[in-house]
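Each remark here refers to the structure printed beneath this line.
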Amino acid sequence: MFKLGLIINPIAGIGGSVALKGSDDMALHALALGAEPKANIRAQTALNVLLPYKKNITIYTVNGQMGEQSALALGFNVELSYQTQNEQTQANDTEQSVAALLTQQVDIILFAGGDGTARNIAKAVECFALKNGSQQVPVLGIPAGCKIHSGVYAITPTAAGRVVEMMVTKQLVTLTEGDVMDIDESLFRQGIVKAKRFGEMKIPSELRYVQAVKSGGKESDELVLQDIAADIIDSMREHDDDLFIIGSGSTTAFLMAELSVNNTLLGVDLVQDEALVANDVSESQLWLQLLQAKQSQQTVQLVITLIGGQGHIFGRGNQQLSPRVIRYIIAQHGGKENISIIATKTKLTALKNRPLISDTGDSELDQSLSGFMVVVTGYKDQVLYPVSSPQ
């Protein structure tokens, strides 16, 4: 019987859609703004991969939304290892849950969360190993947070399920060390990325499914970025009545700098006629803008770039671009032509032929976005690049 440890941080990523860029100490505020928890949904996406093997799996987990509900909903055999008494889970719950799971000698701990959750898991795993003189049990993260800088996460929830599936079916899986990284959320909300290494954990490493530590820093090839910005600005001048949604990332930030307008490096901004309409909008604010645009028959265009080193275009660092927002943009002309992806060829080459990833949480939408999309790589310079739904 395969013993799977499961921990879900139910508030992970809750600040993303309401433009809070994190959940640390912000969960109640995010809920008040209308945010909806997504971590359990993403965990269930990973567990769905394991359904054919559920007779051979026992899930050791925590009561309620920290794992029990999702595992039972899918019909798995569940054993509770830890009971939280807190209505809103705390870091201490995560750490104590890890210790409880490790006493059950689970084969792997699968957890859903963000970088803050990874830090809590790493701390507890290390403490248990030191206290008991034992080797560290492998762990694997299901990406559910606003920020995923750590190298202990699968690329997508489905990918996390695929890695565990390989273990359940006794395929050869390499173990390696993954860095646990986190950033200062207070600086993050000001558009400043300051990442720090907090340790490492043993992870099952399958390069198809597990992400590398997120690449940091700004693009260095300014000439190429200037060419990309010039191409998009030309398009803005040709369509000066259109509303442009500018996604997060350093490449789009360079575009905004070329426009000489204030930019939210890690948020979503609105531009029309080369002037700023709104900074750092939440998903609900963005939706209201789209409804106003529809009423005035205004065309909406979206400019996005790759987030991190994994090739995500949706679902990582830009949760404000929700499925309904993306569907609206696509529906205007029945296709993807109003979505502009901008990236240097250096960034695309670094993907080593891996496709771009659309992980919106809506599988039907992700499938419709799959295929080849145009990527602007310079002035009047474009390439066709494959886009895939989560695997």
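For segment 95-115, indicate whether the set of residues that are over 24 Å from residue 58 (Cβ atoms) and not hydroxyl-bearing (Ser, Thr, Tyr) is non-empty. Checked segment 95-115: at least one residue is over 24 Å from residue 58 (Cβ atoms) and not hydroxyl-bearing (Ser, Thr, Tyr). Condition check for residue 182 on (1) acidic (Asp, Glu); (2) modelled with pLDDT of 70 or more; (3) touching a Ser or Thr at 6+ places or on another chain (Cβ under 8 Å); (4) outside any strand (DSSP E or B): one failure, at (4). Any residue at all in segment 339-360 that is modelled with pLDDT under 90, assigned by TED's automatic domain parsing to the domain that holds residue 305 and over 19 Å from residue 311 (Cβ atoms)? Among the residues of segment 339-360, not one is modelled with pLDDT under 90, assigned by TED's automatic domain parsing to the domain that holds residue 305 and over 19 Å from residue 311 (Cβ atoms), which makes the answer no.
Highlighted here are the strands (runs of 3 or more DSSP E) found entirely within segment 64-143 that include at least 1 residues which are modelled with pLDDT of 95 or more and surrounded by fewer than 19 Cβ atoms within 10 Å (Cβ to Cβ): 77-82. Count of segment 276-308 residues, restricted to those that are buried (at least 17 other Cβ atoms within 10 Å of the Cβ) and outside any helix (DSSP H, G or I), is 12. Of everything listed in (1) at pLDDT below 95; (2) surrounded by 17 or more Cβ atoms within 10 Å (Cβ to Cβ), the single unmet condition for residue 28 is (2).
Just one of 366, 362, 381 is of a type in the set (Asp, Glu) and surrounded by fewer than 19 Cβ atoms within 10 Å (Cβ to Cβ); which is it? Answer to the selection: 381.
The rows are residues; the columns are (1) in contact (Cβ under 8 Å) with a residue 24 or more places away in the chain; (2) more than 28 Å from residue 43 (Cβ to Cβ).
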{"residue": "277", "(1), (2)": "yes, yes"}
{"residue": "292", "(1), (2)": "no, yes"}
{"residue": "314", "(1), (2)": "yes, no"}
{"residue": "324", "(1), (2)": "yes, no"}
{"residue": "341", "(1), (2)": "yes, yes"}
{"residue": "364", "(1), (2)": "no, no"}
{"residue": "370", "(1), (2)": "no, no"}
{"residue": "384", "(1), (2)": "no, yes"}
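Of 315, 247, all but one fail to be small (Gly, Ala, Ser) and out of contact with any Asp or Glu (no Cβ under 6 Å at 6 or more places or on another chain); the exception is 247.
The values are calculated or read from the model by the stated rules, or taken from the named source; none is laboratory data. Since this is a predicted model, take the numbers as computed values, not measurements. In this analysis, Cβ positions are derived from the backbone assuming ideal geometry, glycine residues included, and neighbour counts consider all displayed protein chains.
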